[in-house]
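Below: one structure, written as structure tokens.
The values are calculated or read from the model by the stated rules, or taken from the named source; none is laboratory data. Values in this document were obtained by computation on a predicted structure and should not be read as measured data. Cβ coordinates were reconstructed from backbone atoms using ideal geometry, including for glycine residues, and neighbour counts include every protein chain displayed. Please note that ligands, DNA and RNA were not included when accessible areas were found on the heavy atoms of the full protein model with its side chains. Shrake-Rupley method; radii C 1.70, N 1.55, O 1.52, S 1.80 Å.
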Amino acid sequence: MPKYKLTYLVFRGRGEVIRLLFAAAGVEFEDVRVTLKDWPAMKETDPERKRFLFNQLPILEFDGHVLAQSHAIARYVANEFGFAGNTNLEKAKVDMIVSAVEDAYSPLVTNVWYEKDKARKEAWFTEFRETLLPKSLTALEKLLTANGGGDGFFVGDSVTFADIMFADRVDLLVFHSSPDVLDGYPKLKALKSRVEALPKIAEWIKKRPYAPDFEFH
Amino acid sequence: MPQYRLMYFNIRARAETSRMIFAAAGVEYEDVRVAREQWPAEKASGKYPFGQMPCLEIDGKFTLAQSRAIGRYLANEYGLAGKDNLEKAKVDMVIYVCEDIYVGVRNIFFEKDETKKAEMKADFVVKADSILAALEKLLIANNGGNGYLVGDSLTWADLEFFVRMEYAPFFNAAILDQYPKLKALAERVSSVPEIAAWLKKRPKTDF
């Protein structure tokens with residue numbers, strides 16, 4: 001087994017799904033967490049960009065290789081340890097759901113986290129809560145249900161990157177909407193609990209360091 | 001061979017890489033281009049999983065959504081994805097980096113305000129330089145950079161890169177002059193016979 005070293009910020013953000021995949025696989029990894037304050041200095045230690053290939057985090061280092069881009073890394077870990085889907089078509093379905101969950105979540109970062117103008121921020125929040133998020137959740141509920149009734153996982157009959165991505169991201173979506181936002185989506189709500197109850201994931205959730213994502217509101 | 005229908009608007013944008021994969025693989029498909037006026041009715045039909053395009057309909061039985069999921073599926077099916085998990089991850093990395101190029105260009109293209117547009121272009125050139133410098137390095141690290149971005153044969157990373165750099169005139173037409181290996185790669189991609197044939201016969205679009 002190679003020694004894996006994941007470097008990301010102190011947040012859950014774009015790194016947590018990778019940590020969760022390692023946890024689900026029962027694979028040890030070095031979980032390096034960098035504060036926003038320390039990140040510029042860390043970049044300076046690598047002027048040739050041999051590690052921080054695209055000047056961003058996360059990166060995954062192992063056996064002399066470096067991978068960047070959070071979903072490329074996550075998919076690598078998923079493929080290595082059996083969380084990616086079993087056939088090309090299953091993998092494609094997993095990828096589709098991962099992309100859709102990302103689409104639902106990433107505007108939150110652009111439009112809320114980075115938006116300075118309070119009025120624009122509020123207006124966007126309203127659109128998000130009342131239109132965008134329900135649209136995404138409706139589509140995801142439908143896809144989940146189409147997989148044998150929806151009482152298992154998104155794709156095939158075991159947990160994949162898609163389920164883990166959804167369970168992780170939905171916390172942030174819920175935080176920015178309301179705690180009962182999944183009440184209209186019973187299969188999705190049950191899926192989130194199901195993922196979090198998987199023994200290795202439950203163990204990770206219990207022991208992971210505190211991540212201050214939820215302070216950025 | 002499955003029956004494929006690729007559904008999108010009559011633009012390159014988020015479907016062109018998949019069209020290029022089909023071309024490079026020599027695989028037949030129906031290249032459906034939905035007119036803007038037709039789209040509301042199409043969307044309301046409920047056959048698009050997320051109410052968006054592109055979508056890939058496979059054998060009339062399953063509709064796959066999300067452009068990268070589609071591209072990766074086709075690349076995996078037809079040997080253009082990289083030969084092992086590590087190569088596939090490096091290919092993916094390039095795909096995501098190219099997304100940053102696409103989004104930057106798309107935002108510039110659709111900006112109506114001329115002053116804002118000029119500002120966005122100036123900002124983006126700096127960002128594009130940073131991305132291209134990193135990609136040039138990656139290419140050179142792959143056995144000197146006279147082949148492809150990952151491994152020793154064409155992958156959809158090379159196709160995606162080519163498709164995104166077709167947008168260079170929107171921010172700096174000559175930008176690849178500073179990145180000789182990337183420039184040669186783009187030319188190499190366009191000279192692959194199946195790609196050259198596609199570039200010649202495809203509909204001409206603004207974006």
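Just to be sure, is residue A:166 of a type outside the set (Asp, Glu), in a helix (DSSP H, G or I) and away from every other protein chain (no Cβ under 13 Å)?
yes
Kindly establish whether residue B:57 is out of contact with any Leu (no Cβ under 7 Å at 6 or more places or on another chain), at pLDDT 95 or above and more than 8 Å from every other protein chain (Cβ to nearest Cβ).
On the way: out of contact with any Leu (no Cβ under 7 Å at 6 or more places or on another chain): yes; at pLDDT 95 or above: yes; more than 8 Å from every other protein chain (Cβ to nearest Cβ): yes.
Yes, satisfied.
How many of the residues in the range B:15-64 are touching a residue at least 60 places away in the same chain (Cβ under 8 Å) and open to solvent by 50 Å² or more (accessible area, probe 1.4 Å)?
2
So which residues in the range B:82-98 are surrounded by 15 or more Cβ atoms within 10 Å (Cβ to Cβ) and either in contact with a strand residue (DSSP E or B) (Cβ under 9 Å, 6 or more places away or on another chain) or more than 9 Å from chain A (Cβ to nearest Cβ) (or both)?
The answer is B:82, B:86, B:87, B:89, B:90, B:92, B:93, B:96, B:97, B:98.
Which residues, taken from the range A:113-140, are among the aliphatic types (A, V, I, L, M) and either within 11 Å of chain B (Cβ to nearest Cβ) or under 22 Å from residue B:43 (Cα atoms) (or both)?
Scanning the range A:113-140 gives A:132, A:133, A:137, A:139, A:140.
If residue A:89 meets every condition in (1) of a type outside the set (D, E, K, R); (2) touching a strand residue (DSSP E or B) at 6+ places or on another chain (Cβ under 6 Å); (3) within 13 Å of chain B (Cβ to nearest Cβ) apart from one, which number is that one?
(2)
Taking the range A:97-112 on its own, how many of its residues are within 9 Å of chain B (Cβ to nearest Cβ) and free of Cβ contacts under 8 Å to residues at least 24 places away in the same chain?
Matching residues across the range A:97-112 total 1.
Need the failing condition index for residue B:137 against (1) within 14 Å of chain A (Cβ to nearest Cβ); (2) open to solvent by 70 Å² or more (accessible area, probe 1.4 Å); (3) touching a residue at least 12 places away in the same chain (Cβ under 8 Å), just the number.
(3)
Taking the conditions exactly as written (modelled with pLDDT of 95 or more and within 10 Å of chain A (Cβ to nearest Cβ)), does residue B:11 satisfy them or not?
no
Picking from B:121, B:116, B:127, B:112, which residue would you name as being crowded, with 16+ Cβ neighbours inside 10 Å and of a type in the set (D, E, K, R)?
So the residue among B:121, B:116, B:127, B:112 that is crowded, with 16+ Cβ neighbours inside 10 Å and of a type in the set (D, E, K, R) is B:121.
Filter the range B:159-191 down to the residues that are assigned to a loop (DSSP other than H, G, I, E, B), crowded, with 18+ Cβ neighbours inside 10 Å and not hydroxyl-bearing (Ser, Thr, Tyr) and list them by number.
B:171
Within the range B:107-124, can one find any residue that is within 14 Å of chain A (Cβ to nearest Cβ), over 17 Å from the mean Cα position of the chain (by Cα) and not acidic (Asp, Glu)?
Start the filter on the range B:107-124 by keeping residues that are within 14 Å of chain A (Cβ to nearest Cβ), which leaves B:107.
Then keep just the ones that are over 17 Å from the mean Cα position of the chain (by Cα); that gives none.
Within the range B:107-124, none of the residues are within 14 Å of chain A (Cβ to nearest Cβ), over 17 Å from the mean Cα position of the chain (by Cα) and not acidic (Asp, Glu).
Restricting the search to the range A:72-91, which residues are closer than 15 Å to residue A:165 by Cα and free of Cβ contacts under 8 Å to residues at least 40 places away in the same chain?
A:72, A:76, A:79, A:91
Within the range B:60-73, which residues are touching a Leu at 6+ places or on another chain (Cβ under 9 Å), closer than 23 Å to residue A:70 by Cβ and at the interface with chain A (Cβ under 9 Å from one of its Cβ atoms)?
B:64, B:65, B:69, B:70, B:73
Can you give me the number of residues within the range A:104-121 that are part of a helix (DSSP H, G or I) and surrounded by 12 or more Cβ atoms within 10 Å (Cβ to Cβ)? Talk me through it step by step, then tell me what you get.
Of all residues in the range A:104-121, those part of a helix (DSSP H, G or I) come to A:104-113, A:118-121.
Next, from what is left, pick out any that are surrounded by 12 or more Cβ atoms within 10 Å (Cβ to Cβ): A:104-109, A:111-113, A:120-121.
Total satisfying the criteria: 11.
Name the residues in the range A:18-67 that are surrounded by 13 or more Cβ atoms within 10 Å (Cβ to Cβ), of a type outside the set (Val, Ile, Thr), touching a Lys or Arg at 6+ places or on another chain (Cβ under 8 Å) and away from every other protein chain (no Cβ under 14 Å), would you?
Once the filter is applied, which keeps residues that are surrounded by 13 or more Cβ atoms within 10 Å (Cβ to Cβ), of a type outside the set (Val, Ile, Thr), touching a Lys or Arg at 6+ places or on another chain (Cβ under 8 Å) and away from every other protein chain (no Cβ under 14 Å), the range A:18-67 yields A:19, A:23, A:24, A:29, A:31.
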